[in-house]
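No value in this document is a laboratory result; all are computed from the given coordinates. Everything numeric in this text was worked out from a predicted model, so none of it was measured. Positions of Cβ are generated from backbone atoms using ideal geometry, with glycine treated the same way; all protein chains shown enter the neighbour counts.
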Amino acid sequence: MSIKDDVKTYYGDTLQTSADLKTDACCTDESLAPYVKKALSILSDEVHQKYYGCGIVIPEKMEGTRVLDLGSGAGRDVFAISHIVGKNGSVVGVDMTPNQLEVANKNIPFHAEKFGFNNVQFLLGDIEKLDQLDLAPGSFDIIVSNCVINLVEDKKKVLTDAFNLLKDGGELYFSDVYTDRRLSKELQEDPTVRGECLGGALYWNDFHRFSKASGFSDPRIVSSRQLVIGDEKIQQMIAPAKFYSVTYRLFKISELEDACEDFGQVVKYKGSLDTSPNGFLLDGHHYFESGKWESVCGNTYLMLNKSRFAEHFEFAGDFSKHFGIFKGCGMDVPYLDESAVQADGSACC
Ligand SMILES: C[S@@+](CC[C@H](N)C(=O)[O-])C[C@H]1O[C@@H](n2cnc3c(N)ncnc32)[C@H](O)[C@@H]1O
């Protein structure tokens, strides 16, 4: 059996509900924002029971947007997002496992009746071949995915296709499992370890390389947590590798650079998002308190200025003068500074 068949069997037959999982890799353990809690609270029991995600993939300001969910499973996130985007938005879910899709389709009437509209469509398909589905390039505002990309073999292809399907200024906002090292082939191919979202987990720095090569030049980490592997057998197999559930946001903005450069720009959050009146969290390193001017690197400036968040910020500055690498963005000048240069001007060697 191929890895793909193993995954279909695991999610279509082996698992019946999230209680059957052997680790907490595919279980969400995050405090929920009230707007997420509200959307989840009105969904059918069945889509909750068959939820196998590992994070929250419902960013702010989705109203009226067109959204694609990669590996939508039984549809929990699709239905929650359907309610949030409202009747002027739409959501497409893609999954390759017929049993998962059957549950998702069966649940459309329940949610349509509850919400008063249906803006949801599920497609049977392979997210490694998104370019072969009937989806127009540049037609989605947001692409989400919850604990799926680790399961596919050609992760770079998924990222490249997702990049092409997004509108300019759109984002891929997704949760997945990553490791602190490259895993052996045996671990990668073990059906249970892979099915539990561990075997296919990418070494985090390889993921950053793939993202950049696919056009997402500056991947941003929204949140992360180390996974607890409860099953002793699996624990022994994977040790000493560590696994993390991470939520990333990857903006499609052509001007983004692969590092944070300083152009002396500042931004101010207006406090105008209903969901965040006091401050806006762009990612784990960028929280903007309402009404306060903050210095930002060129990339952060672009993520706010060229995305759906622009109307909620004031901006000052441009790209006309460069002040070097932006301090505090996880990078510094990688060369010896002047303290390492001897009095006669020569550097020690
Ligand atoms: C861990 S489950 C997550 C499902 C859903 N996102 C959720 O949160 O409940 C992984 C899902 O990815 C789907 N999947 C895995 N590889 C896929 C591929 N290449 N194309 C489409 N779907 C895939 C599986 O069928 C399964 O439904």
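Quick notes
- Separation of the ARG182 and ALA259 label points, Cα + 7 Å toward Cβ, nm: 2.4
- Around the amide H of VAL144, modelled in the peptide plane, lie the amide H atoms of LEU68, ASP69, LEU70, TYR173, all under 5 Å away and 5 or more residues distant in sequence or on another chain.
- Note on TYR335 and SER224: their simple-model spin labels are 2.9 nm apart, each label 7 Å out from Cα toward Cβ.
- Unit charges at the beta carbon, dipole of the stretch 52-125: most positive-side option, PHE115, VAL92, ALA80: PHE115
- Listed residues PHE79, PHE251, PHE326, most fluctuating in the chain (Gaussian network, C-alpha, under 10 Å): PHE326
- Residue of GLY55, GLY170, GLY86 that the Gaussian network model of the chain assigns the largest fluctuation, springs spanning Cα pairs under 10 Å: GLY86
- Value at 222 nm in deg cm²/dmol, rounded to 500, when DSSP H runs of n ≥ 4 in the chain each add -39,500 (n - 2.57): -7000 deg cm²/dmol
- Dipole of the chain, positive end: most advanced residue of SER276, PHE216, GLN235 [Cβ charges, Cα centre]: SER276
- Contour excess over end-to-end distance, with Cα ends at LYS106 and SER18 and 0.36 nm allotted per residue: 29.8 nm
- Separation between Cα centres of the stretch 115-140 and the stretch 170-196, rounded to whole Å: 24
- Whole-Hz couplings from phi, Karplus 6.51/-1.76/1.60, listed for the stretch 54-66; x for Gly and Pro: 10, x, 9, 10, 10, x, 6, 6, 9, 3, x, 8, 9
- Förster radius 30 Å - calculated FRET efficiency between GLU311 and GLU113, Cβ distance, rounded to 0.05: 0.35
- Checked against a 30 Å cut-off, the cross-linked pairs LYS37/LYS212; LYS4/LYS37; LYS38/LYS167; LYS37/LYS292; LYS106/LYS185 give Cα-Cα distances beyond that limit for LYS37/LYS212; LYS4/LYS37; LYS106/LYS185.
- Residue separation of ASP154 and GLN121 scaled by 0.36 nm, minus their Cα-Cα distance, works out to 9.4 nm of gained length.
- Contour minus Cα-Cα distance for LYS37 and GLN132 (0.36 nm per residue): 30.7 nm
- Shape of the chain, Cα gyration tensor, a/c cut at 1.5: oblate
- The relative contact order of the chain comes to 15 percent, based on Cα pairs under 8 Å that sit 6 or more residues apart.
- Looking at the stretch 229-302, the trypsin sites (Lys or Arg not before Pro) that sit in a DSSP loop and have at most 15 other Cβ atoms within 10 Å of their own Cβ are LYS242, LYS270, LYS292.
- Dipole magnitude for the stretch 3-251: about 560 debye, using +1 per Lys or Arg Cβ and -1 per Asp or Glu Cβ, origin at the Cα centre.
- Of GLN100, GLN188, GLN235, the one that fluctuates the most in a GNM where the chain has Cα springs shorter than 10 Å: GLN235
- With both labels modelled 7 Å from their Cα along Cα-to-Cβ, the SER295 to ASP231 distance reads 5.0 nm.
- Share antiparallel - DSSP beta bridges, the stretch 3-251, percent rounded to 5: 40
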